[in-house]
Amino acid sequence: MKNRLKTQESNRCFLSAGHLQPYLDSFTGELSNKGYKVLTINSYYNSVAHLAIWLKKKHVAIENIDNTVLDKFEKHKCHCPGGRKGCSISSKYADRARRFVEYLFHQGIISSEINLSDTEKKELHIVEKFKTSLQNRGLSDRTIATYEYSICKLLPILGNDTRNYSAKKIRQTICDIAKKSSCCELKKLTTALRVYLRFLTVENLCHPDLDAAVPTVAEWKLSSLPKYITEEEVNKVIASCNIHSPQGMRDRAIILLLSCLGLRAGDVSNMKIDDINWSESTIRVCGKGRRESRLPLLQEVGDALLTYLEKGRPPATIDKLFLCLNAPYRAFLNSSSISSVVRLALTRADIQHPPFRGANLLRHSAATNMLRKGATLETISAMLRHRSLDMTGYYAKVDVPRLIQIAQPWPEGAPC
């Protein structure tokens with residue numbers, strides 16, 4: 001793998017994008033934000049860099065790129081630098097360059113609209129329309145990105161002709177991809193595919209009820225026990241933060257939000273400074289489905305946030321509450337950064353063999369410890385912002401003293 005990456009880097013020395021480099025950087029950045037894999041992004045980079053070299057040889061300026069120029073690029077006998085074999089390039093290779101030039105058109109860099117291949121144009125159109133429908137339903141940006149990534153992964157296998165989708169083809173696609181996917185990833189793929197097929201049905205682009213043909217990943221609802229640590233261990237995690245350093249101030253505020261208010265990692269990473277209402281001692285949380293809630297700002301949590309804002313937060317004009325401490329100052333990229341804070345705190349606190357090391361560990365621990373102190377399921381449900389009380393009932397499994405009171409004696413000697 002290392003040798004292959006070295007080869008790609010050495011090829012890039014020959015494949016210099018030249019005057020297209022600034023636009024190529026922003027284009028590949030957009031691909032990365034959409035969830036494209038590194039190898040796919042490298043393929044786009046190489047195609048566009050090859051186009052830049054060819055344009056330089058032919059003395060074609062950026063503003064003069066049009067369909068005719070791209071057709072000549074696709075058909076040219078290639079003797080350009082790089083690691084390609086043969087003198088011709090494939091249609092797929094050329095389509096990557098076309099997609100980049102279309103990006104330039106939408107950015108206003110060139111004035112001629114580019115004709116993508118019919119297959120790629122149809123794929124882009126349907127996926128973009130699918131994303132718009134998800135936005136209209138109020139789904140979060142992260143959920144939309146996850147669905148888009150999953151569908152883009154499935155489309156090369158399913159094909160772009162949605163009229164030819166059948167129950168057999170859908171089942172076979174999932175069965176094939178299940179052989180090389182984890183259970184967690186497979187669940188995301190099947191969920192996204194069901195949503196996508198329902199969208200196609202509404203748009204009259206496929207046969208109805210095909211979402212029922214998507215196989216279900218074996219999982220028994222609420223069958224597992226909550227994964228948590230004790231209240232003493234939570235206190236050790238909080239105390240492990242060095243309150244005399246900016247990082248410690250930030251990490252302590254994050255951990256208190258997770259352990260005292262039961263917030264999700266995404267709630268914390270997306271939190272803004274304006275979400276804190278100091279006069280009313282409340283904090284606004286935008287959770288799943290873009291639902292807004294106001295939670296009480298506990299004294300300990302408020303003190304930690306105030307200390308971080310006054311002494312630990314970098315002087316940056318960014319509306320997000322929590323920032324990376326190394327320059328350039330920026331907000332956390334996603335919720336996994338919050339889980340990293342928890343993982344490091346668990347290591348510092350020397351918590352031996354925690355059930356898992358993500359941010360949800362503190363959320364589960366907060367609910368479990370509240371239940372053991374006598375809080376009702378309704379109270380815990382309100383704090384965790386569950387839509388259904390059944391979900392909160394998941395935590396009742398660890399309330400052993402109350403379970404003992406309702407447990408029935410084993411009917412010894414009862415006939416089978």
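The values are calculated or read from the model by the stated rules, or taken from the named source; none is laboratory data. In this text the structure is predicted, and so the values were computed from the model without any measurement. Please note: Cβ atoms are built from the backbone with ideal geometry, for glycine as well, and neighbour counts cover all protein chains shown.
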When region 378-394 is checked residue by residue, the ones that are surrounded by fewer than 13 Cβ atoms within 10 Å (Cβ to Cβ), in a helix (DSSP H, G or I) and not hydrophobic (A, V, I, L, M, F, W, C) are GLU378, ASP390
Would you mind stating whether THR191 is part of a helix (DSSP H, G or I) and either under 22 Å from ARG290 (Cα atoms) or of a type in the set (Phe, Trp, Tyr) (or both)?
yes
Among the candidates SER293, SER240, residue that is under 30 Å from PRO354 (Cβ atoms), touching a residue at least 60 places away in the same chain (Cβ under 8 Å), outside the structural domain of GLY138 (by TED's automatic domain parsing) and surrounded by fewer than 19 Cβ atoms within 10 Å (Cβ to Cβ):
SER293
Among (1) exposed (fewer than 13 other Cβ atoms within 10 Å of the Cβ); (2) under 19 Å from the mean Cα position of the chain (by Cα); (3) of a type outside the set (A, V, I, L, M), which single condition is SER335 missing?
(1)
Which one of TYR44, TYR23, TYR36 is assigned to a loop (DSSP other than H, G, I, E, B) and either buried (at least 16 other Cβ atoms within 10 Å of the Cβ) or at pLDDT 80 or above (or both)?
TYR36
What number goes with the only condition from (1) out of contact with any helix residue (DSSP H, G or I) (no Cβ under 9 Å at 6 or more places or on another chain); (2) in contact (Cβ under 8 Å) with a residue 40 or more places away in the chain; (3) within 21 Å of CYS241 (Cβ to Cβ); (4) not polar (S, T, N, Q) that ASP275 does not pass?
(3)
Condition first: among the hydroxyl-bearing types (Ser, Thr, Tyr), part of a helix (DSSP H, G or I) and farther than 23 Å from LYS92 by Cβ. Now tell me which residues in region 126-159 satisfy that.
THR132, SER133, THR143, THR146, TYR147
Filter region 243-261 for residues that are surrounded by fewer than 20 Cβ atoms within 10 Å (Cβ to Cβ) and in a helix (DSSP H, G or I) and give the result.
PRO246, GLN247, GLY248
Mind listing whichever residues of region 340-359 are surrounded by fewer than 19 Cβ atoms within 10 Å (Cβ to Cβ) and part of a helix (DSSP H, G or I)?
SER340, ARG343, LEU344, THR347, ARG348
What about ARG343, is it more than 25 Å from the chain's Cα centre (by Cα), under 26 Å from CYS241 (Cα atoms) and at pLDDT 90 or above?
no
